[in-house]
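**Student:** Have a look at the structure that comes next, please.
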Amino acid sequence: MDLFSDLASGLLSFSKQLFGPGICPGDWVWATGTAGALIALLPIIGALGISVIRKFTGNTYSAVTLSVFGVIGVVFVGVLPWVLMAGVSETFRIVAAGGRGGLSQGEVAALNTTYCDFIGDQSVYLGKGPGVFDTLFYPGGNELAYGFYLGTLVGLPILSLIFVMLQGKLAFRRGPAWPARFFWVPFVGLALLSVTVNANTAIHLWLGFLPVSVLGLIPIAVVGPPSWHAIRRADQRKARREVAPPQQPPQRPVQPPPPPPGNYPPTAVAPTSGESAMAGAVPVPIPARAPTSDTRYQRTRRLGHGGFGTVWQAYDTQLNRTVALKIAHAPDRDTEERMQREARALAALDHPNCVRVYDLVEQPEGLALVMEYLDGDALASAVDERGPIDDVAAARLWSTTASALIAAHDKGVLHRDVKPSNIIVDPRGIPHLIDFGIARSKGDSAMTATGMMIGTPDYTAPEVANGAGASPASDAWQLAATVSFALTGRPPRGDRENPMAALLAASRAEAPTELPSGSVHARLLTAALDAEPRNRPTLGAVVEEMNAWLSGVGESREGPVTRVIPRQ
């Protein structure tokens, strides 16, 4: 304990030299407040250290980084502040009992002086009397004095806790919120352990601690969060480690037993009860042209008409279900190849917020894709008819649809046309990403006619409008633009008089002007709509932040994004 006593007495001596004016209530009383201010620097130093580390590690929370952050929080927010507070109180108690407590003879003599009648001898005021616990739970007869002690000894630590929590939140920006517990949990321990400190000493320590905690938010904010590029780079490293297959020794293939003698026709083998119909997420090959009867899919009405096909609602007479039938306008070699690629991409996806593909068949007009029929309204129609959605619904929309895009990207598929009309909201209010008709696998050729624009200008990322290839970052931009529309009812760059004007605005990378300024998601939307792809948050980071925000406000990720009236 000698080391801790020396630290506390050294802190007091330095505090008196730093700020200890000889005025009421006394130089050592002022020095105690100054010591509290210096102790408040410790959590700030810890938060700055975490901010600097996250500049390089992003949102990588491995055993090493979590251990480092935990040690920083415990030491700089809990242990060191408590040791110094308890040491300061103990120094005053030793001097009040007639000792020196590590102070010089002149400092002891100065401590045994009186500046104000209501304070009296400073050594007695700071070193004698009950501790915090006794003062709060065993009060004397003076109700006014007890009210003062209750307000200061409880109120000041609570206010300090609020700002220490904000420091932790700033240090862990652009990431999940739960690591901020490394800050406020040790501080709660500090506040509880400080009940052993002399009540008068504790008041002045907290009076010095609180304002510095408020001012400490400034340097942490100046250091700033890790860049989205650093977060993306860390996520990519993590993904490579998770995807790398473990090294396993080669195994000899098991040969099936020979069939019994005799002539038997070939038979199909049904999966056993332990086998999954999904076959381990390996897509079943879809033929280029599957023969089908012209009468199997009976079309009931046309649902939509796009650049690459017409979508019909149809009835599957063999399986007795309603399906969506997408038929190419002009079946040629390139169109068929695009339809086959779309079918393979969608068949490989298994996500609740992605439309499912059933079949690829031949129709009189050409090749047709048979898809899941989603009863509901397009997000664009829902917002136009019933108005913008709120922050909770927007968080659900952003999180679930971003997860769907992540699943597509993991299969090597880019959507390339995420927009409000390509998200169907079913009667339960659940969004579904549709129309991969212009989607392509990474490495595939664009297969567009000369001068043909792939995508919708109002929701086209700047780099794509300038001729660059699509990427996960451009899909992320389009999704952010879609979420912004859902919150405001207008495209992020505003309405343009014609598609060419909208395309020109996209190619110029004009800044969004219609962002939802009153939304809690405005900051993240601004980052996600950055003109530079490397500065945008990854879809994974968006999912984490939306899920953390929903959890913080007590809402579930699963839930409606808007009320939808089913089509009649």
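**Student:** Out of all the residues in segment 527-539, which are loosely packed, with under 15 Cβ neighbours inside 10 Å and part of a loop (DSSP other than H, G, I, E, B)?
**Tutor:** Hit for segment 527-539 is Glu532, nothing else.
**Student:** When residues of segment 316-352 are filtered for being modelled with pLDDT of 75 or more and touching a Ser or Thr at 6+ places or on another chain (Cβ under 6 Å), how many remain?
**Tutor:** 1
**Student:** So Ser517 passes all but one of these: (1) assigned to a loop (DSSP other than H, G, I, E, B); (2) of a type outside the set (A, V, I, L, M, F, W, C); (3) at pLDDT 90 or above. Which condition number does it fail?
**Tutor:** Exception for Ser517: condition (3).
**Student:** Still on this structure: Going residue by residue through segment 148-169, is there one that turns out to be under 27 Å from Val222 (Cβ atoms) and outside any helix (DSSP H, G or I)?
**Tutor:** No, segment 148-169 has no match at all.
**Student:** Out of Val185, Val195, Val154, report the one residue that is aliphatic (A, V, I, L, M) and either touching a strand residue (DSSP E or B) at 6+ places or on another chain (Cβ under 6 Å) or under 26 Å from Thr57 (Cβ atoms) (or both).
**Tutor:** Val185
**Student:** Just to verify a result, which residue in segment 396-414, among those that are aliphatic (A, V, I, L, M) and not in a helix (DSSP H, G or I), is farthest from Pro492 (Cα to Cα)?
**Tutor:** Ranking the candidates gives Val413 first.
**Student:** Any residue at all in segment 415-422 that's under 18 Å from Gly469 (Cα atoms), part of a helix (DSSP H, G or I) and modelled with pLDDT of 90 or more?
**Tutor:** no
**Student:** Counting residues that are out of contact with any Gly (no Cβ under 6 Å at 6 or more places or on another chain) and closer than 21 Å to Leu11 by Cβ, which helices (runs of 4 or more DSSP H) fully inside segment 181-232 reach at least 3?
**Tutor:** Passing ranges, in order: 181-193, 199-215.
**Student:** Go through the residues of segment 467-490 one by one and say whether even a single one is part of a loop (DSSP other than H, G, I, E, B) and in contact with a Ser or Thr (Cβ under 6 Å, 6 or more places away or on another chain).
**Tutor:** no
**Student:** Could you tell me which residue of segment 26-53 is surrounded by the fewest Cβ atoms within 10 Å (Cβ to Cβ), considering only residues that are over 23 Å from Ala191 (Cα atoms) and within 35 Å of the chain's Cα centre (by Cα)?
**Tutor:** Within segment 26-53, the match that is surrounded by the fewest Cβ atoms within 10 Å (Cβ to Cβ) is Val52.
**Student:** For segment 502-515, does any single residue satisfy the condition of being assigned by TED's automatic domain parsing to the domain that holds Lys419, under 17 Å from Leu379 (Cα atoms) and within 24 Å of the chain's Cα centre (by Cα)?
**Tutor:** No, that holds for no residue.
**Student:** Would you mind listing the helices (runs of 4 or more DSSP H) fully within segment 1-115 where at least 2 residues are over 17 Å from Lys128 (Cα atoms) and of a type in the set (Ser, Thr, Tyr)? Working first, answer last.
**Tutor:** Working: elements: 2-18, 27-57, 63-73, 80-96, 105-111.
Result: 2-18, 27-57, 63-73.
**Student:** Another question, if that's okay. Could you list, in sequence order, all residues of segment 47-100 that are within 24 Å of Val543 (Cβ to Cβ) and small (Gly, Ala, Ser)?
**Tutor:** The answer is Ser51, Gly58, Ser62, Ala63.
**Student:** Next question. Considering each residue of segment 118-141, count those that are surrounded by fewer than 16 Cβ atoms within 10 Å (Cβ to Cβ), touching a Pro at 6+ places or on another chain (Cβ under 9 Å) and hydrophobic (A, V, I, L, M, F, W, C), and give that number.
**Tutor:** The number of residues fulfilling the criteria is 1.
**Student:** Would segment 386-395 turn up any residue that is part of a loop (DSSP other than H, G, I, E, B), crowded, with 24+ Cβ neighbours inside 10 Å and among the hydrophobic types (A, V, I, L, M, F, W, C)?
**Tutor:** Step one: list which residues in segment 386-395 are part of a loop (DSSP other than H, G, I, E, B), which gives 387-390.
Narrowing the set further to residues that are crowded, with 24+ Cβ neighbours inside 10 Å leaves 389.
Going one step further and asking which of them are among the hydrophobic types (A, V, I, L, M, F, W, C), we end up with 389.
Yes: one or more hits.
**Student:** Could you tell me whether Ile23 is over 42 Å from the mean Cα position of the chain (by Cα) and more than 15 Å from Leu126 (Cβ to Cβ)? Working first, answer last.
**Tutor:** Numbers: over 42 Å from the mean Cα position of the chain (by Cα): yes; more than 15 Å from Leu126 (Cβ to Cβ): yes.
Judged against the criteria, Ile23 is a match.
**Student:** Still on this structure, please answer the following. Please tell me if Arg557 is within 24 Å of the chain's Cα centre (by Cα), of a type in the set (D, E, K, R) and not in a loop (DSSP other than H, G, I, E, B).
**Tutor:** no
**Student:** Also: Quick check: is even one residue across segment 498-518 surrounded by 18 or more Cβ atoms within 10 Å (Cβ to Cβ), in contact (Cβ under 8 Å) with a residue 60 or more places away in the chain and not charged (D, E, K, R)?
**Tutor:** yes
**Student:** Given the criteria within 18 Å of Ile53 (Cα to Cα), assigned by TED's automatic domain parsing to the domain that holds Thr60 and either under 21 Å from the mean Cα position of the chain (by Cα) or surrounded by 22 or more Cβ atoms within 10 Å (Cβ to Cβ) (or both), does Trp184 qualify?
**Tutor:** no
**Student:** With the structure loaded, tell me whether Tyr125 is among the aromatic types (Phe, Trp, Tyr), over 49 Å from the mean Cα position of the chain (by Cα) and either in the same structural domain as Leu190 (by TED's automatic domain parsing) or part of a helix (DSSP H, G or I) (or both) or whether it fails that test. Full working, then the answer.
**Tutor:** Numbers: among the aromatic types (Phe, Trp, Tyr): yes; over 49 Å from the mean Cα position of the chain (by Cα): yes; either in the same structural domain as Leu190 (by TED's automatic domain parsing) or part of a helix (DSSP H, G or I) (or both): yes.
Answer is yes for this residue.
**Student:** Moving on. Given Gly216, Gly224, which one is farther than 30 Å from Val543 by Cβ and either aliphatic (A, V, I, L, M) or under 36 Å from the mean Cα position of the chain (by Cα) (or both)?
**Tutor:** That would be Gly216, the only listed residue that is farther than 30 Å from Val543 by Cβ and either aliphatic (A, V, I, L, M) or under 36 Å from the mean Cα position of the chain (by Cα) (or both).
**Student:** Which residues, counting only those in segment 97-143, are among the aliphatic types (A, V, I, L, M) and farther than 26 Å from Pro157 by Cα?
**Tutor:** Narrowing segment 97-143 to residues among the aliphatic types (A, V, I, L, M): 97, 103, 108-111, 119, 124, 126, 132, 136.
Answer for segment 97-143, where residues must be among the aliphatic types (A, V, I, L, M) and farther than 26 Å from Pro157 by Cα: Ala97, Leu103, Val108, Ala109, Ala110, Leu111.
**Student:** Sticking with this one: What number goes with the only condition from (1) at pLDDT below 80; (2) small (Gly, Ala, Ser); (3) not in a strand (DSSP E or B) that Ala382 does not pass?
**Tutor:** (1)
**Student:** Taking the condition closer than 21 Å to Asp458 by Cβ, without any contact (Cβ under 8 Å) to a residue 12 or more places away in the chain and assigned to a helix (DSSP H, G or I), does Leu524 pass?
**Tutor:** no
The values are calculated or read from the model by the stated rules, or taken from the named source; none is laboratory data. Treat the numbers as computed from the prediction; the structure is a model and nothing was measured. Neighbour counts run over all protein chains shown; Cβ positions are idealised from the backbone, glycine included.
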